[in-house]
1. With in contact with a Phe, Trp or Tyr (Cβ under 9 Å, 6 or more places away or on another chain) and not acidic (Asp, Glu) as the only criterion, which of Gly55, Gly65, Gly79 stands out?
2. If you take the residues of the range 172-187 that are in contact (Cβ under 8 Å) with a residue 24 or more places away in the chain and surrounded by fewer than 18 Cβ atoms within 10 Å (Cβ to Cβ), which of them is nearest to the chain's Cα centre (by Cα)?
3. Tell me, yes or no, whether the range 138-154 has at least one residue that is closer than 27 Å to Val47 by Cβ, of a type in the set (A, V, I, L, M, F, W, C), in contact with a helix residue (DSSP H, G or I) (Cβ under 9 Å, 6 or more places away or on another chain) and free of Cβ contacts under 8 Å to residues at least 12 places away in the same chain.
4. Quick one: Leu200 ticks every box in (1) surrounded by fewer than 18 Cβ atoms within 10 Å (Cβ to Cβ); (2) out of contact with any Phe, Trp or Tyr (no Cβ under 8 Å at 6 or more places or on another chain); (3) farther than 21 Å from Thr52 by Cβ bar one, so which box is it?
5. On the basis of being surrounded by fewer than 21 Cβ atoms within 10 Å (Cβ to Cβ) and farther than 23 Å from Ser175 by Cα, does Val130 make the cut?
6. Identify all residues within the range 129-170 that are of a type in the set (Phe, Trp, Tyr) and part of a loop (DSSP other than H, G, I, E, B); write none if there are none.
7. Being modelled with pLDDT of 85 or more and farther than 28 Å from Phe103 by Cβ narrows it down to one residue among Gly31, Gly44, Gly65; which is it?
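The values are calculated or read from the model by the stated rules, or taken from the named source; none is laboratory data. Just so you know, these numbers come straight off a predicted model, no measurement behind them. Cβ sites come from the backbone with ideal geometry, for glycine too, and all protein chains shown count toward neighbours.
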Amino acid sequence: MGRQPIPLNNYSMTIIYTLDLIGTFVFAISGMLAAANKQFDVFGASVIAFVTAVGGGTLRDVLIGAQPVGWMKDLNYLGVIALAVPVSYFFRAYIQKLRKTMFLFDTIGIGLFTILGLQKTLDMGLHYVVAVMMGAVSAVFGGVIRDLLSNEIPLIFRKEIYATACILGGIIYLSLTVLGVEYHISVISTVVFIIVIRILAVRKHWSLPMIK
């Protein structure tokens, strides 16, 4: 059973669009750095940057029937990725020294993409449960594709708290939105929650039970 979309004003839509571009840029840099660690050439690294940045959103749009997918309708997304590639290439040594900062950026990225994916699914009139799932897909599946292409076990399949934080964050965002909380407060609260969960999980070694 579907749900009525939650209407957003023009200001909120502008925030969504801006956050989407920022998240795309952050994830593209993440992909470039992962490819550099595997010593990919520039073309291969660019491909990894692209799939990391838009892979999750593309899969989400295909699953919810939003055709054509988002980046095909707006070349600004490709422009942001094209900017992230040389920035990562020329400033890689400097960026890699900022591992804690990049971890923070990556965490902010999954927080933003969780919200964006959830909201877009709601706009399609789909069920809240599906919206939370698609929020997580948007946030983590670009990284899954990146890891698979880089011959790594995807992070969400390991014991580290990652996708779980996105799901919990999505539930919080959805709850705040349904309760009528101001959009920017819902966004900030959700992103902060996901950041806190990720940082605590890494520092305190929180993990889900492993199958043995």
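1. One residue alone meets the criteria, Gly55.
2. His184
3. Yes, the range 138-154 has at least one match.
4. (2)
5. Against the criterion (surrounded by fewer than 21 Cβ atoms within 10 Å (Cβ to Cβ) and farther than 23 Å from Ser175 by Cα), Val130 does not qualify.
6. If the condition is that a residue be of a type in the set (Phe, Trp, Tyr) and part of a loop (DSSP other than H, G, I, E, B), then Tyr162 is the only one that fits.
7. Being modelled with pLDDT of 85 or more and farther than 28 Å from Phe103 by Cβ holds for just one of Gly31, Gly44, Gly65, which is Gly65.
This table checks each residue for (1) in contact with a helix residue (DSSP H, G or I) (Cβ under 7 Å, 6 or more places away or on another chain); (2) β-branched (Val, Ile, Thr); (3) surrounded by fewer than 24 Cβ atoms within 10 Å (Cβ to Cβ); (4) closer than 26 Å to Ile167 by Cβ.
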position: Phe27; (1), (2), (3), (4): yes, no, no, yes
position: Tyr77; (1), (2), (3), (4): yes, no, yes, yes
position: Phe91; (1), (2), (3), (4): no, no, yes, no
position: Phe103; (1), (2), (3), (4): no, no, yes, yes
position: Leu118; (1), (2), (3), (4): yes, no, no, yes
